[in-house]
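Beneath this line is the structure, given in structure tokens, with notes to follow.
The values are calculated or read from the model by the stated rules, or taken from the named source; none is laboratory data. Bear in mind that the values here come from a model prediction, so they are computed numbers and not experimental data. Here the Cβ positions follow ideal geometry from the backbone for every residue, glycine too, while neighbour counts run over all protein chains shown.
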Amino acid sequence: MLIFRLINMEINFGLKQLKKASKELKSHINQNVVLICGEMGVGKTTLIKELLLLDGVVGNVSSPTFSIINEYLIDSGEVIYHMDLYRIKDINELENIGFFEYLESGRTCLIEWGEMIEELIDSEYNKFTIIKDNNLRILKKNI
């Protein structure tokens with residue numbers, strides 16, 4: 001069952017409705033920097049993969065858990081960055097790889113575990129949180 005509550009942007013969906021939920025999520029993204037938050041195993045990477053497929057990613061989509069940042073070319077010729085901050089232990093690690101330059105590039109940055117760096121982001125961003133509720137997922141836009 002897919003339920004939309006657009007006033008607060010809450011999407012309740014099952015995994016079989018991931019594509020439809022991703023399309024709805026995409027319509028609520030209005031910034032280049034997008035934080036995707038939630039507990040381990042809630043589906044952050046799966047949701048981002050679906051978003052990337054909607055954008056027409058050319059090539060294979062994989063999790064950046066170990067590489068921290070994956071770069072994807074989409075049909076329009078634009079580049080999208082997919083970042084996973086789970087393994088970051090010290091903010092200096094991000095500075096050493098030029099993380100903040102990616103955020104300032106003007107390109108779309110989809111960031112898993114984004115709550116870790118939320119206070120350090122100087123630009124406007126969207127923040128979404130995924131919550132697992134039995135076999136459903138609840139996706140909320142944080143305001």
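Annotations for the structure displayed:
- Counting residues in the range 41-52 that are of a type in the set (D, E, K, R) and surrounded by fewer than 17 Cβ atoms within 10 Å (Cβ to Cβ) gives zero.
- Within the range 57-79, being within 19 Å of GLY106 (Cβ to Cβ) and either assigned to a loop (DSSP other than H, G, I, E, B) or touching a residue at least 60 places away in the same chain (Cβ under 8 Å) (or both) holds for ASP75, SER76, GLY77, GLU78.
- Subset of the range 80-94 (residues that are surrounded by 12 or more Cβ atoms within 10 Å (Cβ to Cβ) and either in contact with a strand residue (DSSP E or B) (Cβ under 8 Å, 6 or more places away or on another chain) or assigned to a helix (DSSP H, G or I) (or both)): ILE80, TYR81, HIS82, MET83, ASP84, LEU85, TYR86, ILE91, GLU93, LEU94
- Tabulated pairs, the range 4-32, first surrounded by 16 or more Cβ atoms within 10 Å (Cβ to Cβ) and part of a helix (DSSP H, G or I), second polar (S, T, N, Q) and at pLDDT 90 or above, C-beta under 7 angstrom, 6+ apart or interchain: LEU18/THR46
- Of residues in the range 31-89 being under 11 Å from the mean Cα position of the chain (by Cα) and small (Gly, Ala, Ser), the one nearest to LYS140 (Cα to Cα): GLY38
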